[in-house]
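Each reported figure results from applying straightforward, stated rules to the coordinates on display, with no laboratory input. Just so it is clear, the structure is predicted and the values come from calculations on it, not from any experiment. In this analysis, Cβ positions are derived from the backbone assuming ideal geometry, glycine residues included, and neighbour counts consider all displayed protein chains.
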Amino acid sequence: GVIRLEPEDGGPPVQVAVQADVQASGAPVLQLSAAATSAVLTAGQDAPPQTVTVRNSGGGRLNWTAASNRPWLQVTPAAGSSVGETDEVQITLAGTGQLAPGVHQGAVNFSAPGAANPSSALTVEVHVVPTGSPLLQVTPN
């Protein structure tokens, strides 16, 4: 393109040719597809795995790791990187059949050093009801 400069002293205008190379910039941004997930189970029953996604919604490369804070909560893969694509992460509630009736909470903590938001957590809640208790499940339309 061309930029036209007009001097304040009334002299002749000057045109300067310019070329711009625009690239995505800025820090990576850690984005999860959900902030929380939950499951309702009957005592002695294991929960099916659930999937969340991790993506870089900023610039550059996002290198992330994930770790759970409960032994019954597993995450696979535990690390990855994104330059904008979506990475699937499987959350497995392993051994939940051994949990006592009640509400159990845990989290998967995602870390991304150098990102604009270097950490984010996925809250996981498991409701275990006693065997023989009726379960009411509601499915939205």
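Quick check for me: using +1 on Lys/Arg Cβ and -1 on Asp/Glu Cβ, what's the dipole size of the chain about its Cα centre, in debye to the nearest 20?
The dipole of the chain has a size of about 520 debye.
Pairs of Cα atoms under 8 Å, at least six residues apart: use those to get the relative contact order of the chain, whole percent.
26 percent
Once the dipole of the stretch 1-124 is set up with Lys and Arg at +1 and Asp and Glu at -1 on Cβ about the Cα centre, which of 35, 10, 49 lies farthest towards its positive end?
In the stretch 1-124, that residue is 49.
Give the average over all directions of the projected area of the C-alpha convex hull of the stretch 12-90, one decimal, in nm².
8.0 nm²
Restricting attention to the alpha-carbon atoms of the chain, what are Rg (one decimal) and Dmax (integer), both in Å?
Radius of gyration, then largest Cα-Cα span, for the chain: 25.1, 92 Å.
Sequence gap at least 6, Cα distance under 8 Å: using those rules, report the relative contact order of the stretch 57-135 to the nearest whole percent.
29 percent
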